[in-house]
Amino acid sequence: MNIRILKQFLALADALHFGRASDECHISISALSRNIRHLEDELGVALFNRDNRTVVLTQEGQKFLKYARDTSRQWNLIRHELTDNTDQLSGEISLYGSVTASYSFLYELLRRFRIAYPGIEIKLRTGDPEHAIAHILDGKEDITIAARPTNLPRGVVFKPIAISPLLFIAPLEQQVPNVPNRVPLAPQEWAAIPMILSESGVSRTRVDEWFRQHDITPKIYAQVTGNEAIVSMVSLGFGIGVVPKIVLDNSPLKDRVQVLDVKPELEPYDIGLFALKKGLKNPMVEAFWSLMEEA
Ligand SMILES: CC(=O)[C@](C)(O)C(=O)O
């Protein structure tokens, strides 16, 4: 086994698709498939179950994935240590956040990071911020950005960047009888309104708690992953939604919805960076982390 094949394994475990993984590794599908087969022969177990349509990790593959991530990280570190005869950090770090984060906080951070550390290559993946902490815990990403939950898992560190209010938003005009374009008053009125909410995560916890405190059982019209899509659904008139202000401010549809002055307000989002405490031993991750302090 060599490190190149290990990285090919990681690419395939991530993409679960031979075409996409081979593109990422700049090799042919047949070379990738041959290398994975060799790796499996060497280990004596199947790492993936594949049929004509799908590729999934076997249980052994899951176990090996953890080893492969650790090893690849160690490799990056030692390579950097051995070849680093200037003061210039070089290598790769991975970041994960929402599309909104890539327009806003991350945008500014990345701009500064690139000037300070031109030798570090950045892998930026966007997705639902609900998965930000899970991706840190399972070692998939070095640094992620999202709202801080009340309890931080052990071993995970958080660096606050900004506070963003959580807002109730409504369509500009009333398009459907049950979706008012003003603040609902009585609990019965709230209970009849179709709500468009995050499927899970910090915002969902806060909204659920808000309704519980008001003795209202909300009518959920749609559960959405990623806050950006909530703004779309609301602007189309499907219901009332809840989003962090930063998402609304960066939405191309922000002029097609209105913020409702609902009292009491939801507890605002505490947005920041997440990393593994032990991950900060990596000088490149540390460098990114420390850049925040200089802001
Ligand atoms: C900007 C950010 O990371 C948020 C608020 O978590 C989001 O996009 O949902």
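Against the conditions (1) under 21 Å from the mean Cα position of the chain (by Cα); (2) in a helix (DSSP H, G or I); (3) within 16 Å of the ligand (Cβ to nearest atom), Met284 satisfies every one except (3). Taken together, Gln223, Gln188, Gln175 contain a single residue that is open to solvent by 40 Å² or more (accessible area, probe 1.4 Å), free of Cβ contacts under 8 Å to residues at least 12 places away in the same chain and polar (S, T, N, Q), which is Gln188. Just to be sure, is Asn35 open to solvent by 60 Å² or more (accessible area, probe 1.4 Å), of a type in the set (S, T, N, Q) and either outside any helix (DSSP H, G or I) or in contact (Cβ under 8 Å) with a residue 24 or more places away in the chain (or both)? No: the conditions fail for Asn35. Filter segment 100-133 down to the residues that are within 20 Å of Phe158 (Cα to Cα), touching a residue at least 40 places away in the same chain (Cβ under 8 Å) and near the ligand (Cβ under 9 Å from one of its atoms) and list them by number. Listed by number, the residues that qualify are Thr100, Ala101, Ser104, Phe105, Asp128, Pro129, Glu130, Ala132. Restricting Val231, Val259, Val242, Val207 to those that are touching a residue at least 40 places away in the same chain (Cβ under 8 Å), within 16 Å of the ligand (Cβ to nearest atom) and farther than 22 Å from Gly127 by Cβ reduces the list to Val259. Within segment 99-150, the only residue that satisfies the criterion of being open to solvent by less than 20 Å² (accessible area, probe 1.4 Å), in a loop (DSSP other than H, G, I, E, B) and either of a type in the set (A, V, I, L, M) or at pLDDT 95 or above (or both) is Glu141.
Summed over segment 265-291, the residues that are open to solvent by 70 Å² or more (accessible area, probe 1.4 Å) and either within 30 Å of Ile196 (Cα to Cα) or among the hydrophobic types (A, V, I, L, M, F, W, C) (or both) give a count of 2.
Among the residues of segment 7-32, just one is surrounded by 19 or more Cβ atoms within 10 Å (Cβ to Cβ) and either touching a residue at least 60 places away in the same chain (Cβ under 8 Å) or outside any helix (DSSP H, G or I) (or both), namely Leu10.
Kindly evaluate Leu82 against the criterion of being open to solvent by 100 Å² or more (accessible area, probe 1.4 Å), of a type in the set (A, V, I, L, M) and closer than 30 Å to Tyr117 by Cα. So that I can check it myself, show each step before the final result.
On the way: open to solvent by 100 Å² or more (accessible area, probe 1.4 Å): yes; of a type in the set (A, V, I, L, M): yes; closer than 30 Å to Tyr117 by Cα: yes.
Yes, satisfied.
Out of Gln74, Gln59, report the one residue that is open to solvent by 40 Å² or more (accessible area, probe 1.4 Å) and at pLDDT 90 or above. Even if it seems obvious, please write down each step before you answer.
Numbers: Gln74 fails: at pLDDT 90 or above.
Residue meeting the stated conditions: Gln59.
The values are calculated or read from the model by the stated rules, or taken from the named source; none is laboratory data. Note that the structure is predicted; figures quoted are calculated from it, not measured. For neighbour counting, all protein chains shown are included, and Cβ atoms are generated from backbone atoms with ideal geometry for every residue, glycine included. The accessibility values were calculated without ligands, DNA or RNA, using every heavy atom of the protein model including side chains. Shrake-Rupley method; radii C 1.70, N 1.55, O 1.52, S 1.80 Å.
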